[in-house]
Ligand SMILES: [Zn+2]
């Protein structure tokens, strides 16, 4: 990863980070009258800080360095508009989007992101770079045949944990929000805890919860990625737990909290018409390119089901991938369903394993009706047919010892945060 990218983290964000660090330090020193004092606010590091003078200066310096070929994405911007403004032929964008079919990276363009647009000496467009966060950049580089090559680079990252505590007053949602959890973290937490208890019926004022949230860092900078490491909910005489382990959530005994994954995204099994292949000869373009999913030969209108519990993270319409839906399964797992005819679930909504989320179709660039299904583990596409997915209901026997270690570590983090001398943050040196 280049040095340049790291510097895209703005001065203002660094200040926010320093403030956050100070608050962490202060929080550990304050004797706690009640648990909520240990609560840490979630700071919105990805906020648009274009009003900020220092940010503008930094951006201006970078822009000059990159020959004015840097574009800060504003609300309402899309690639067609940006390419037009820069005088880049639409055919180049089509070629880029064609490559993007197997990645869907450019569909995530959001205000505040930065794009790099580079030209060759003769003025021809050469490369598009998407700076996604402080640790990640994606480039689309023009090849001799006019196609574009996708490359993703990720800087070294690590995770730090924060402990959020609260008491139920009113709904879990409001109490968790007061404790500093984000919308996504609340949705996941209530889904994970909701398997063992009925939130409306079983929760009482005064019930206590603890959430260990990890924040991804690169160097001293926050990338904006977070994850829920562990949860506890203490009711009168019972405590419910969820621990993230190897990208899936388990209770204190190593039993899966969420239902095991389904292998197939349809009620019936269908013929595989094209397999997962990192280097496929594409049937339409006749070029070698990866096929990051499995194609099933299904008629248009076939019900598509979510292979696991989760939250609808994205719903989109890509020029080549067609109508698609992406489900975030909470831990390491994400699934995508492409070329759909109709999408039946809304962005942000919760879905359960086996729920009908769409009807298959033939949208985008496609050789005929089929369902393209992808499984991603930690952001990387894997073969859904052969991948090691948690279809079991418990931690595997060979992993039990390390699960028990991890559980004890997480319990200690939760417990220590309750004492004045305890650790408020803990760097997770172990990766699960
Ligand atoms: Zn496909």
Fewest-first sequence of 252, 153 by Cβ atoms within 10 Å of each Cβ: 153, 252
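Could you tell me the calculated FRET efficiency between residue 237 and residue 378, based on Cβ-Cβ distance and R0 = 35 angstrom, to the nearest 0.05?
Calculated transfer efficiency: 0.40.
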Pull out the extension gain between residue 353 and residue 121, defined as 0.36 nm times the separation in residues minus the alpha carbon to alpha carbon distance; nm, one decimal. 78.3 nm
For segment 242-346, convex hull volume per residue from C-alpha positions, Å³: 119
Rounded if a/c is under 1.5, else prolate if a/b beats b/c, else oblate: with a ≥ b ≥ c from the C-alpha gyration tensor eigenvalues square-rooted, which is segment 98-213? prolate
Modelled label-to-label distance, residue 269 and residue 157, 7 Å Cα→beta-carbon offset: nm? 3.6
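Between residue 78 and residue 169, what length comes free when the chain is fully extended (0.36 nm per residue of separation minus the Cα-Cα distance, one decimal in nm)? Each step should come with its number before you reach the end.
Numbers: separation 91, 0.36 × 91 = 32.76 nm, distance 4.25 nm.
In short, 28.5 nm is gained.
Since every read-out is calculated from the coordinates, none of them should be taken as a lab result. As the structure is a prediction and not an experimental result, all values here were calculated from the model. Please note: Cβ atoms are built from the backbone with ideal geometry, for glycine as well, and neighbour counts cover all protein chains shown.
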